[in-house]
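S.K.: I'd like to ask some things about the structure below.
The values are calculated or read from the model by the stated rules, or taken from the named source; none is laboratory data. Model, not experiment: these values are computed from the prediction. Note that we place each Cβ from the backbone using ideal geometry, even for glycine, and neighbour counts take in every protein chain shown.
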Amino acid sequence: MPDDRIPQIGVVFPRTDALTKVRGEERFAADYYGRDLVWAGVKRAGIPHARLKSLDVDQARQVPGVIAVLTHRDIPGENRQGVVRKDQPVLVDDKVRHAGDALALVLAESKSALAAALKCIMCELEPLPGVFDPEQALADGAPLVHEDNPEGNILLKAEVKTGGDESVWDECAAVIEACFETPHQEHCFLETESGWAKVEPDGKIVIVASTQAPFRDRTEVAPVLGQDPTSIRVIAPYTGGAFGGKDGITVQSLLGLAALHAQGRPVKMWWDREESFVAGTKRHPARMYYRLGAKTDGTLHAIDVRLYLDTGPYDHLGGAVMTQAVEHSGGPYRIPHARLRGWSVYTNNPIGGAFRGFGVVQVTAAMEQMMDLLAVKLGLDPVQLRLKNAVRCGDKNCVGVTLTGSAGLEECLEKMARHPYWQNRQIWIQAAGSLKRRGVGLAAVMHAMGYGTVVPDVANAQVELTLEGKIRVYSGVVDMGQGNAATNLQIAGSILGQAPGQMELVQPDTDRTLPSGSASASRCTYTFGNALIGAAQALKERILQRASDLLMAAGPDELVLVSGLVRRVTTGQDIPLAVLAKWLTDTERIAVYRFRAPVAQERPAKDEQVRLHGLPHCIFSYGAHLAMVEVDELTGAVEVQGYLAITDSGRVLNPQTYEQQIHGGIVQGLGYALSEDFRVADGRIQTSDLATYIIPTAMDVPEMLSIPVEINEPTGPFGLKGVGEVAMNGPLPAVANAVAAACGGRCFSFPLTSERVLQVMTFES
Amino acid sequence: MREVFLPRTLDELWDLLRRRPEAVIYAGGTDVLVKLRAGLIAASSLICLERIEDLQGVRDQGDEVYIGAATTHRTLLADPVIQEHFPILIQALSVLGSPPVRNMGTIGGNVVTASPAGDTLPPLYVLDAEVEVRWSDGAKRLPLSQFILGPGKTSLGPGQLLAGVWLRKSADYNVHHFEKVGQRKALAIAVVSLAALLKVSDSGRIDQVRLAWGSVGPTVMRSGEVESALEGRVISRETLDQAAALAQTAVSPIDDIRASGAYRRTVAGNLLLRLINYAR
């Protein structure tokens, strides 16, 4: 159903993929099959730490319908992968380091033959003592996850120090100390990890994957297969959700390896939910020690933070997540004296990885509860305490970086202070029914945009006038459900004056689109949008110039672009774009533009490794969140009855997708706050499926109000900043502060299950 | 590959059971299909009961109501007879699973699965439900409490079928109360549940009471001791506190992934305190 309205910035632009998805027509990676399909799957270790003594695959090879059984010996290149540190084997060769490690890869004619063969693989595994707690992993004599790591079980440590020495604490009127623990979180995307691969007759290896980073995948898979990256093509359709869990290799290397043994037949791998739980990445659990000091009037003076993040056995962005946590650990506040330290620690637990929020979720949970504890201690209003310390443009943030971008936290908090939810809270609280207690809590949030200083945050956009007279937009960044593909059409259409029906979209494909980085870090529309504006404007200029020449007009000012044609407004002459396109050479019909996001020049951390992992950033989104909760005195059950998020992520391009991002972040955050109690015992996941790992249903989610504070970000496309993650940071602390206000006591471990809340209430009474 | 049979009459079913005595019987499949996928049960053949008319629907028999075992939860929720006479069952059904689960799952399945967390069971226990068991050349009626023997265990013998549930209408109770504590508001397995039928006088005195708890023991649990502590007393926080303390010693819950036994024990008692809302 092509829409014939020319898109405008700031107006709802329906997602072009909405109808195809609702109809089931949109082809996700999991939907690729084909003739002569080969099924691939892997044998998982099942135990968290063990030495591989031997692997017997002979029996599995005898299973009818089995095409090949491959082990680490069959890997033609390097058997290590990883985004930063290559420490994860594709197939185990020396040691099992977590229960989800892959031992052998099976190719079979059918799913049932595959399942039968996997059961026949005999592994001799000598169990080793494991390490399951990040602080215990740092102790002398702790079992080592990687014996060759010079830092023992430390993947990366980071330290930022600003201001004075220990004596600054004597200048504080109030000091709060607390330790917070947050759990793993499972992404629970609808489409579990999946992909499809095939070796083309010319030798090219094509991999269709549910991924957030097709270009980086290619450079990770190539060394494993012993191939040149250009001999691999990665295609990235819309994903059925990702949230960070597909930012890095899942099925890609295994599929590439399988394709090399499939004689040109297509190979499919699709993890079921249980495999996704055991082998996929999760949000890093964190133990966070906080000490916060302030003057009598609430002015923050000093902060000391120690963060221990459990990255499981592999890096998988664990160093970058920890670094980002350190950078945000002091919250969106001016604090002159800060000592912020973090450790990303190897354990034999499930793999920690990227997850919407990327370390900021954990530290915001801690810091925003510290702010409420401080407000109570000093007898100050929690909004006013935050307002007093909120960073503004030109201030230094907690790592000492001067904020030059837009900073709208004050506006968000002021709006919150005036909102009826906050103004009328006492009336609402007092209206609690029999055996219920009510509380209102809030949280201030910020979230950095982009990769940071060293890793280039770059996008290359390409726009083409096709011979049919359509505008084809080559999306460089994956649409994992956040809606950036439609936003790309909105941007290009608004500049080139074309309605959606006159435009085409090419999804990321290493052979067709240009490298533009990963779909992550709240960067997709900021970085790619800026590049796309450049490309669309260049193409517009060229089209108008060539049309002007063709019509012998005085200049392009006489011409405008409208859907499907160029119009000479001075004479009323129209040239269809399909006609004009024939007058252009192939190279003229295409415009490209490169954009690199600005970077901060400060060096808050002495260690160059920390800078390499992303610290610091220079542009942040901000927000103020409010949760209204009702706690049941008999069961401890927490019901969130109202939720408000006021967000500064710059100007809003599409109010609909903007609101969806805020709502999605809130819901995922409420699950993290209340019910997603991911449990691991000695490296084994206890909540191993969606029956025991409790994500929210629609029934558990309140009415959510989202109010944008539209401050122009001068460097952003049409003034935009990233909005993909910022909302995820608020729910846990806002709900925790509300529950603490309702119960008179506070939990320090999360999520806030009924059982934990009832315990606190019983203790307080 | 697996055979699935869809008999249309009970006679066809008895014939099938003779030919395939090892077959697994199911109606909605909301329990059986999950167990099959997880490999917890093996079945070379399945027999589905949903097309047997005798096992479907609610029949008003005057003093009694008969519910065919393969009647779905959704059908029961919409049934005027159930709505009028057994509101406590409606309350429990409305928080069972989710709309798709209620569209597929059946009351007979919920009974035969015999989980202490089965949402219909506490209401059926306080309603003194009886079940009808049939086999190829016979039938019998027995109390539900004698039919369910333990977690996942019933007295159903080989070749026998749970055909339906009998409920006796009663005007004795003016309070029908059901509360389920789960980990979320839908698609939740009961951590603790309480079904309570009360006859409360105009002065607020409890003249009659029946209580049953889910998920606090191997089967749904009833306690005469707790009922006696309430009977004849005016609803007050003090009375309910005493009953709650008795309930907490009477239950025998376990620790599992959803909650600790200690939490279940506390909440099993606490849920009685909710009855304060019925004080006059």
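S.K.: Can you confirm whether residue A:3 is of a type in the set (D, E, K, R) and at pLDDT below 95?
M.R.: So residue A:3 fits the description; yes.
S.K.: A further question follows. Filtering the stretch A:734-765 down to residues that are assigned to a helix (DSSP H, G or I), crowded, with 21+ Cβ neighbours inside 10 Å and among the polar types (S, T, N, Q), which residue is nearest to the other protein chains (Cβ to nearest Cβ)?
M.R.: Going through the qualifying residues, I end up with A:754.
S.K.: Oh, and also: Residue A:219: within 25 Å of the chain's Cα centre (by Cα) and surrounded by fewer than 20 Cβ atoms within 10 Å (Cβ to Cβ), yes or no?
M.R.: Spelling it out, residue A:219 is indeed within 25 Å of the chain's Cα centre (by Cα) and surrounded by fewer than 20 Cβ atoms within 10 Å (Cβ to Cβ).
S.K.: Would you confirm, using the coordinates I've provided, whether residue A:715 is free of Cβ contacts under 8 Å to residues at least 24 places away in the same chain, surrounded by fewer than 23 Cβ atoms within 10 Å (Cβ to Cβ) and among the β-branched types (Val, Ile, Thr)? Full working, then the answer.
M.R.: Values: free of Cβ contacts under 8 Å to residues at least 24 places away in the same chain: no; surrounded by fewer than 23 Cβ atoms within 10 Å (Cβ to Cβ): yes; among the β-branched types (Val, Ile, Thr): yes.
Here the answer is no, as residue A:715 does not meet what is asked.
S.K.: Give me a count of the residues in the stretch A:672-702 that are more than 9 Å from chain B (Cβ to nearest Cβ), part of a loop (DSSP other than H, G, I, E, B) and within 20 Å of the chain's Cα centre (by Cα).
M.R.: Residues in the stretch A:672-702 being more than 9 Å from chain B (Cβ to nearest Cβ), part of a loop (DSSP other than H, G, I, E, B) and within 20 Å of the chain's Cα centre (by Cα): 2 in total.
S.K.: Out of all the residues in the stretch A:158-213, which are out of contact with any Gly (no Cβ under 7 Å at 6 or more places or on another chain) and among the polar types (S, T, N, Q)?
M.R.: Hits for the stretch A:158-213 are A:167, A:182, A:185, A:192, A:194, A:211, A:212.
S.K.: Residues B:202, B:172, B:207: which one is of a type outside the set (Lys, Arg), at negative phi and at pLDDT below 95? Write out each step before concluding.
M.R.: Values: B:202 fails: at pLDDT below 95; B:207 fails: at pLDDT below 95.
From the options B:202, B:172, B:207, the qualifying one is B:172.
S.K.: If you don't mind, there's one more thing I want to ask. Residues of the stretch A:29-66 being in a loop (DSSP other than H, G, I, E, B), in contact with a helix residue (DSSP H, G or I) (Cβ under 9 Å, 6 or more places away or on another chain) and farther than 30 Å from residue A:129 by Cα, which ones?
M.R.: A:63, A:64, A:65
S.K.: Name the pairs: first residue in the stretch B:36-55 and at positive phi, second residue aliphatic (A, V, I, L, M) and at pLDDT below 95, Cβ to Cβ under 8 Å, at least 6 apart or on different chains?
M.R.: Close Cβ pairs satisfying both conditions: none exist.
S.K.: Being assigned to a helix (DSSP H, G or I) and closer than 17 Å to residue A:578 by Cα, is that true of even one residue in the stretch A:501-512?
M.R.: If we filter the stretch A:501-512 for residues that are assigned to a helix (DSSP H, G or I), which is where we start, we get A:501-502.
Applying the additional criterion that residues be closer than 17 Å to residue A:578 by Cα yields A:501-502.
Taking every residue of the stretch A:501-512 in turn, at least one turns out to be assigned to a helix (DSSP H, G or I) and closer than 17 Å to residue A:578 by Cα.
S.K.: Scan the stretch A:581-604 for residues that are surrounded by 13 or more Cβ atoms within 10 Å (Cβ to Cβ), in a loop (DSSP other than H, G, I, E, B) and of a type outside the set (A, V, I, L, M, F, W, C) and jot them down.
M.R.: Answer for the stretch A:581-604, where residues must be surrounded by 13 or more Cβ atoms within 10 Å (Cβ to Cβ), in a loop (DSSP other than H, G, I, E, B) and of a type outside the set (A, V, I, L, M, F, W, C): A:588, A:589, A:598, A:602, A:603, A:604.
S.K.: Checking residue A:666 against (1) surrounded by fewer than 24 Cβ atoms within 10 Å (Cβ to Cβ); (2) assigned to a helix (DSSP H, G or I), only one condition comes out false. Which one?
M.R.: The one condition residue A:666 does not meet is (1).
S.K.: List the strands (runs of 3 or more DSSP E) inside the stretch B:106-160, counting only whole elements, that have at least 1 residues being under 21 Å from residue B:192 (Cα atoms) and among the aliphatic types (A, V, I, L, M). Before the answer, list the steps.
M.R.: On the way: elements: B:130-135, B:138-143, B:148-150.
In the stretch B:106-160, B:148-150 are the strands (runs of 3 or more DSSP E) which contain 1 or more residues that are under 21 Å from residue B:192 (Cα atoms) and among the aliphatic types (A, V, I, L, M).
S.K.: From the list B:214, B:232, which residue is farther than 20 Å from residue B:128 by Cβ and more than 11 Å from chain A (Cβ to nearest Cβ)? First the steps, then the outcome.
M.R.: Numbers: B:214 fails: farther than 20 Å from residue B:128 by Cβ.
Within the list B:214, B:232, the selection yields B:232.
S.K.: Pairs, please: C-beta under 7 Å, at least 6 apart or cross-chain, first residue touching a residue at least 12 places away in the same chain (Cβ under 8 Å) and within 13 Å of another protein chain (Cβ to nearest Cβ) and in the stretch B:240-267, second buried (at least 19 other Cβ atoms within 10 Å of the Cβ) and among the basic types (Lys, Arg)?
M.R.: Listed by first residue and then by second, the contacts come to B:248/B:265; B:253/B:264; B:253/B:265.
S.K.: Can you find even one residue in the stretch A:690-697 that is free of Cβ contacts under 8 Å to residues at least 24 places away in the same chain and farther than 28 Å from residue A:312 by Cβ? Before you say what the answer is, go through the steps one by one.
M.R.: Going residue by residue through the stretch A:690-697, those that are free of Cβ contacts under 8 Å to residues at least 24 places away in the same chain are A:691-692, A:694, A:697.
From what is left, the residues that are farther than 28 Å from residue A:312 by Cβ are A:697.
Looking for residues that are free of Cβ contacts under 8 Å to residues at least 24 places away in the same chain and farther than 28 Å from residue A:312 by Cβ, one finds at least one in the stretch A:690-697, hence yes.
S.K.: Turning to a different aspect of this structure: Kindly provide the set of residues from the stretch B:56-78 that are among the aliphatic types (A, V, I, L, M) and touching a helix residue (DSSP H, G or I) at 6+ places or on another chain (Cβ under 7 Å), ordered by number. Steps first, please.
M.R.: Initial filter on the stretch B:56-78 (among the aliphatic types (A, V, I, L, M)): B:58, B:65, B:67, B:69-70, B:76-78.
Within the stretch B:56-78, B:58, B:65, B:67, B:69, B:70, B:76, B:77 qualify.
S.K.: Any residue at all in the stretch A:705-723 that is part of a loop (DSSP other than H, G, I, E, B), away from chain B (no Cβ under 14 Å) and more than 17 Å from residue A:407 (Cβ to Cβ)?
M.R.: Of the residues in the stretch A:705-723, the ones part of a loop (DSSP other than H, G, I, E, B) are A:709-716, A:721-723.
After this cut, where a residue has to be away from chain B (no Cβ under 14 Å) as well, the list is A:709-716, A:721-723.
From the residues that got through so far, the ones that are more than 17 Å from residue A:407 (Cβ to Cβ) too are none.
There is no residue in the stretch A:705-723 that is part of a loop (DSSP other than H, G, I, E, B), away from chain B (no Cβ under 14 Å) and more than 17 Å from residue A:407 (Cβ to Cβ).
S.K.: Now a separate question. Answer with yes or no whether residue A:631 is buried (at least 24 other Cβ atoms within 10 Å of the Cβ) and within 14 Å of another protein chain (Cβ to nearest Cβ).
M.R.: Values: buried (at least 24 other Cβ atoms within 10 Å of the Cβ): yes; within 14 Å of another protein chain (Cβ to nearest Cβ): yes.
So residue A:631 passes the test.
S.K.: So which residues in the stretch A:413-426 are assigned to a loop (DSSP other than H, G, I, E, B) and either touching a Cys at 6+ places or on another chain (Cβ under 7 Å) or surrounded by fewer than 17 Cβ atoms within 10 Å (Cβ to Cβ) (or both), if there are any at all? Explain how you work it out, then say what you get.
M.R.: Looking only at the stretch A:413-426, we keep the residues that are assigned to a loop (DSSP other than H, G, I, E, B), and these are A:419, A:424.
The answer is A:424, and nothing else.
S.K.: Could you count how many residues in the stretch B:185-207 are assigned to a strand (DSSP E or B) and within 14 Å of another protein chain (Cβ to nearest Cβ)? Full working, then the answer.
M.R.: So in the stretch B:185-207, the residues assigned to a strand (DSSP E or B) come out as B:192-200, B:205-207.
Now drop any that are not within 14 Å of another protein chain (Cβ to nearest Cβ), which leaves B:192-194, B:196.
Total satisfying the criteria: 4.
S.K.: Taking residue B:24 as meeting all but one of (1) within 30 Å of residue A:275 (Cβ to Cβ); (2) modelled with pLDDT under 95, write down the number of the exception.
M.R.: (2)
S.K.: Given the conditions (1) touching a Phe, Trp or Tyr at 6+ places or on another chain (Cβ under 6 Å); (2) closer than 19 Å to residue A:352 by Cα, and given that residue A:268 satisfies all but one, which numbered condition is not satisfied?
M.R.: Unmet for residue A:268, out of (1) touching a Phe, Trp or Tyr at 6+ places or on another chain (Cβ under 6 Å); (2) closer than 19 Å to residue A:352 by Cα: (2).
S.K.: With (1) closer than 19 Å to residue B:201 by Cβ; (2) within 12 Å of chain A (Cβ to nearest Cβ); (3) over 23 Å from the mean Cα position of the chain (by Cα) as the list, and residue B:272 as the residue in question, which single condition is left unmet?
M.R.: Tallying (1) closer than 19 Å to residue B:201 by Cβ; (2) within 12 Å of chain A (Cβ to nearest Cβ); (3) over 23 Å from the mean Cα position of the chain (by Cα), residue B:272 fails exactly one: (3).
S.K.: Test each condition in (1) assigned by TED's automatic domain parsing to the domain that holds residue A:381; (2) free of Cβ contacts under 8 Å to residues at least 24 places away in the same chain; (3) hydroxyl-bearing (Ser, Thr, Tyr) for residue A:329 and report the one that comes out false.
M.R.: Status for residue A:329: all satisfied but (2).
Yes/no matrix, rows are residues, columns are (1) within 18 Å of the chain's Cα centre (by Cα); (2) closer than 18 Å to residue B:122 by Cα; (3) part of a strand (DSSP E or B):
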position: B:46; (1), (2), (3): no, no, yes
position: B:51; (1), (2), (3): no, no, no
position: B:67; (1), (2), (3): yes, yes, yes
position: B:75; (1), (2), (3): yes, no, no
position: B:82; (1), (2), (3): yes, yes, no
position: B:97; (1), (2), (3): yes, yes, no
position: B:100; (1), (2), (3): no, no, no
position: B:103; (1), (2), (3): yes, no, no
